[in-house]
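Chemist: Supplied in C-alpha cells, the structure appears directly below.
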Amino acid sequence: MFSLESLTTLVQDWLNKTFPPAIALLFEFVIVGVLAIALFAALGLVLVIMERKVAAWIQIRLGPNRVGPKGMFQSAADTVKLIMKEGLTPDGADKFLFNLAPFIVMMVAMLVLAPIGFAKGFHIWDINIGVLYVSAISSVSVIGILMAGWSSNNKYSLLGAMRSGAQMVSYELSVGLSVLSIIVLTGSLNINDIVLSQQNGWWLFKAHIPAIISFVIFIIAVTAETNRAPFDLSEAESELTAGFHTEYSGMKFALFFLAEYINIFIVCAIGATLFLGGWMPFHIGNWESFNHVMDYIPTFLWFFGKTFFLIFLIMWFRWTFPRLRVDQLLNLEWKYLLPISMVNLIMMTLVAIKGWHF
Amino acid sequence: MFIVDYLKEVYGAVKSLLVGMNRTGYYFTHHKEIITQQYPDNREELNLPERFRGEVVMAHDENNEHACTGCSACELACPNGTIKIINKFDISPEGKKKKAIDTFVYHLELCTMCGLCVEACPTNAINMANTFEHSVFNRGLLTKRLNNPDSKLKAGVE
Ligand code: SF4
Ligand code: SF4
C-alpha cells in the first residue's frame, strides 16, 4: 500500500548513500523547506477559494465564478494581482519594524508546522514536547501583530493590534487548558504518541462528555486565537478598516492574509490530532475487520480530511455569527470558557485516573 | 441560584448558536436557490424587487401633467442638496398669481437613494425608479430636469 513513510525512508536512504551525512542533511533541509513553502502556497490558494465559496453558498450567492471553471482559479488571479502591486511603506511608519512584522507572523506559522504529523511517519520534526512547542510558538505571532499595528503609526492599526493582544493573551488560556485535558489522557506531549493512543477510537468519542466539552472550548478558543469572525475584532472591517494590517499593501498584505489561513490550518490540524486522531483512520474498539477496511484509506487523506472538516466548521462560524464587542469577548473568555475548562480539566483528570474512558 | 442561572445561560447560548448554524447550514446544503441577480448575464430578464431604489423620477400622465405643486418639501427633506426647486408664478384665469414649478433640478451624482424626498412629498409627485445603469461620459448629463418641458400641474392637486 502507498504510504508517505516509505517515500521519506527511500529519499533518506538514497541521500545518505550518495552523499556524506552532513550534505545529505543539508539536502533534507532544502527538501523540507521547499515542501513547506509549497504546502503554504497550495493552502493559501485552496483555503481562500474555499472560504469564498463557503461564504457564498451560506449567503445564497454563487461566489466567484469568472476565472476558470466555476471560478476555481480566482485565488490564483488574486495572487498574481497582489504580486504585481506595490508594497507601500507609509512615511510616518517605523520602516524597519513595519517591514519586519509580516515576516514574523509568517515565520511563526512556518515554525508551528514542524511537529505536526501529516501522515503515518511523516512529520518534519518528531519532538517529545510537540504540543508544548506548538502552544509556545503560536503565541509569538501576537508580537508580529502588535509590531505591525504599532509601527504603522495609524490609530486604526494600533487599536486593532491592542485588541488582538488582549484577545490572544486571554484565549490562549482556554486553548491550553483544553489541550491539557487530552494530554491528561495520553500522558504524553509527543504528537505521534497522542495519535497512536487513539488506535482504538478517537478521544472525542472515547472520553465521554469532558472530551466533547473540551473540544467545543478548543474550537471556540482557536477561532478567537486566529482572529477569525466572530472574534475578528483586530480586523473589524466596519470599525477599523482592516485593523492591524490597514497600512499594508501588495505582497506584505498577502503575507498577513496567508498567515491567517495557515494559522487556521495549523490549529485545525492540532485539533484534529488531539480530538479526532490525526492521521489515525477511524477505528472502533476491537472490530478488527472494520478497522482493517478503514486502514486502506491512506493516512494523509485521513489527516487532511479531518483538518478540512474542522476548517469548514470554523468558516461556518464565520459566516453565521455576528462580531462580538470587546467587553463581550473578554466576558466570554474569563467568565465562561475559562471556568468551564478548569472544571472540565478536573473532570477529565478524574476520568483518566479512574480509567473510565474506553 | 447563581450556578443554575449560569448553566442556564450557557445552555441558552449554545442553543441559540446551534439554531443559527442550523439555518446557515440549511442554506449551504440547499444550493439551488440563489437570491443574487447574475447581472449582466441576465440583463434582459432582470428581476429587481419593487422597492429597489435606482433614481428619483417624476410621473407624468398622458396629458403631460404631473402632481408637483412646487412646495419644496422634497428640497428641504433631502439631506445632501440633491434637489433644487425653481418656481415660477402662473397667472390664473381670475388674474391671481399662483406659484407653480418651473424646473425640478435633480443632481443624480449627489443622490444617495435614501428616498426621503419621496417620503416628504405631500402629493406623491415623485417616486423611485428601478433604473440603475447611470454611467455617462459627461458629468453634466447627470444633472437632470425631472418635470417634462411644457408640463403642468394636474387639475385638482393642491
Ligand atoms: S433620494 Fe435622498 S438623496 Fe436622493 S434626492 Fe431624494 S432625499 Fe435627496
Ligand atoms: S416633488 Fe413633491 S415635495 Fe417636491 S416640490 Fe413637488 S410637490 Fe413639493
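Chemist: Taking a label point 7 Å from the Cα of residue B:105 along the Cα→Cβ vector, which residues of region B:53-74 have an amide N closer than 20 Å to it?
Modeler: B:56-58, B:68-74
Chemist: Quick check: from the Cα gyration tensor, does chain A come out rounded (a/c under 1.5), prolate or oblate?
Modeler: oblate
Chemist: Among the lysines, which have Cα under 26 Å from the Cα of residue B:152 when same-chain residues fewer than 8 positions away are ignored?
Modeler: Partners found: B:84, B:88, B:96, B:97, B:98, B:99, B:144.
Chemist: Still on this structure, I have one more. Rounding to the nearest 20 debye, state how big the charge dipole of region A:1-104 is about its Cα centre with +1 on each Lys and Arg Cβ and -1 on each Asp and Glu Cβ.
Modeler: 560
Chemist: Taking the Cα-to-Cβ direction at residue B:18 and at residue B:65 and moving 7 Å from each Cα, how far apart do the two end points lie in nm?
Modeler: Result for the modelled spin labels: 6.6 nm.
Chemist: How many angstrom lie between the Cα centre of region A:207-269 and the Cα centre of region A:15-39?
Modeler: Distance between centres, Cα-based: 32 Å.
Chemist: Assuming 1.306 mPa s and 10 °C, estimate D for region A:96-230 with Stokes-Einstein, Rh taken as the Kirkwood radius over Cα pairs, in µm²/s.
Modeler: Estimated via Stokes-Einstein, D reaches 98 µm²/s.
Chemist: Express the carbon and sulfur contribution to the solvent-accessible surface of region A:1-84 as a percent, rounded to the nearest whole number, probe 1.4 angstrom.
Modeler: 77
Chemist: With charges set only on the Cβ (+1 for Lys and Arg, -1 for Asp and Glu), what does the dipole of chain A come to about its Cα centre, in debye to the nearest 20? Please list the in-between numbers first.
Modeler: Numbers: 21 positive and 22 negative charges, 140 e Å.
Here chain A has a charge dipole of around 680 debye.
Chemist: Compare the Cα positions of A:50, B:107, A:135 along the charge dipole of the protein assembly as shown (+1 at Cβ of Lys, Arg; -1 at Cβ of Asp, Glu; about the Cα centre) and return the one farthest towards the positive end.
Modeler: Of A:50, B:107, A:135, it is B:107.
Chemist: I'd like the interface area for chains A and B: accessible area of each alone minus the complex, both sides summed, 1.4 Å probe, protein heavy atoms only. What is it in Å² to the nearest 100?
Modeler: Buried: approximately 1800 Å² between B and A.
Chemist: Ok, one more. Excluding same-chain pairs closer than 8 in sequence, count the lysine pairs in chain A whose Cα atoms lie under 28 Å apart.
Modeler: 22
Chemist: Of the candidates A:305, A:277, A:117, which one comes out as most mobile in a Gaussian network treatment of chain A with C-alpha springs shorter than 10 Å?
Modeler: Fluctuation is largest for A:305.
Chemist: Right, next: Quick one: accessible surface of residue A:78, probe radius 1.4 Å, all protein chains present, in square angstrom to the nearest 10.
Modeler: Approximately 50 Å² for this residue.
Chemist: To continue, here is another question. Determine the per residue accessible area of region B:43-102 with all protein chains present and a 1.4 angstrom probe, expressed in square angstrom.
Modeler: Normalised by residue count, the accessible surface of region B:43-102 is 67 Å².
Chemist: While we're here: From the square roots a ≥ b ≥ c of the eigenvalues of the alpha-carbon gyration tensor of region A:21-134, which class results: rounded (a/c under 1.5), prolate (a/b over b/c), or oblate?
Modeler: oblate
Chemist: Determine the share of region B:19-89's accessible area contributed by carbon and sulfur atoms, expressed in whole percent, with a 1.4 angstrom probe.
Modeler: Carbon plus sulfur share of accessible area: 52 percent.
Chemist: For region B:1-57, what class follows from the C-alpha gyration tensor (a ≥ b ≥ c being the square roots of its eigenvalues): rounded when a/c is under 1.5, otherwise prolate if a/b is larger than b/c, else oblate?
Modeler: oblate
Chemist: Region A:41-63: which residues show an accessible-area loss of 20 Å² or more, assembly versus chain alone, 1.4 Å probe?
Modeler: Buried-area filter returns A:57, A:58, A:60, A:61, A:62.
Chemist: Before I look further, what does chain A give for accessible area per residue, probe 1.4 Å, in whole square angstrom?
Modeler: With all protein chains present, chain A gives 47 Å² per residue.
Chemist: Can you list the equivalent-ellipsoid semi-axes of region B:56-153, largest first and in whole Å, using the square root of 5 times each Cα gyration tensor eigenvalue?
Modeler: 24, 15, 13
Chemist: Are there GluC sites (Glu not before Pro) in region B:52-89 that DSSP puts in a loop and that have at most 15 other Cβ atoms within 10 Å, and which ones?
Modeler: Filter output for region B:52-89: B:62.
Chemist: Still on this structure, please answer the following. Taking the simple approach of a point 7 Å from Cα along Cα-to-Cβ for both residue A:36 and residue B:76, what is their distance in nm?
Modeler: Result: 7.0 nm between the two label points.
Chemist: Right, next: What percentage of the solvent-accessible surface of region A:219-259, computed with a 1.4 Å probe over protein heavy atoms, is contributed by carbon and sulfur atoms? Write out the running numbers ahead of the final one.
Modeler: Numbers: 720 of 1090 Å².
Its accessible area is 66 percent carbon and sulfur atoms.
Chemist: Taking the Cα centre of chain B as origin, sum charge times position over the Cβ atoms of Lys and Arg (+1) and Asp and Glu (-1), and report the length of that vector in debye to the nearest 20. Don't skip to the answer; put the middle values down first.
Modeler: On the way: 18 positive and 20 negative charges, 80 e Å.
With only Lys, Arg, Asp and Glu charged at Cβ, the dipole is about 380 debye.
Chemist: Something else about it: Once the Cβ-Cβ distance between residue A:100 and residue A:328 is put in as r, and R0 is 30 Å, what FRET efficiency do you end up with, to the nearest 0.05? Could you put the intermediate results ahead of the total?
Modeler: Values: r = 33 Å, r/R0 = 1.10.
Efficiency, from the Cβ-Cβ distance: 0.35.
Chemist: When DSSP assigns beta bridges and you keep just the ones with both residues in chain B, what percent turn out antiparallel, to the nearest 5?
Modeler: Around 90 percent of the beta bridges assigned by DSSP in chain B are antiparallel ones.
Chemist: Which value in nm describes the separation of the simple spin-label points at residue B:39 and residue A:297, placed 7 Å from the Cα toward the beta carbon?
Modeler: Output for this residue pair reads 4.4 nm.
Chemist: At a 1.4 Å probe, which residues in region B:1-44 are at least 50 Å² less accessible with all protein chains present than in their chain isolated?
Modeler: B:6, B:21, B:24, B:27, B:28, B:31
Chemist: Between residue B:96 and residue B:157, how high is the FRET efficiency from 1/(1 + (r/R0)^6) when r is the Cβ-Cβ distance and R₀ = 22 Å? Nearest 0.05.
Modeler: Calculated value: 0.80.
Chemist: Along region B:111-119, what does the Karplus equation 6.51 cos²θ - 1.76 cosθ + 1.60 (θ = phi - 60°) give for ³J(HN,Hα), rounded to whole Hz, x for Gly and Pro?
Modeler: Computed from phi, the couplings for region B:111-119 are 5, 9, 6, 7, x, 5, 5, 5, 4 Hz.
Chemist: State the Cα centre-to-centre distance between region A:277-309 and region A:60-86 in whole Å.
Modeler: 34
The values are calculated or read from the model by the stated rules, or taken from the named source; none is laboratory data. As the structure is a prediction and not an experimental result, all values here were calculated from the model. Counting neighbours? That spans all protein chains shown, and the Cβs are built from the backbone with ideal geometry, glycine included. Side chains included, ligands, DNA and RNA excluded: accessible areas come from the protein's heavy atoms. Shrake-Rupley method; radii C 1.70, N 1.55, O 1.52, S 1.80 Å.
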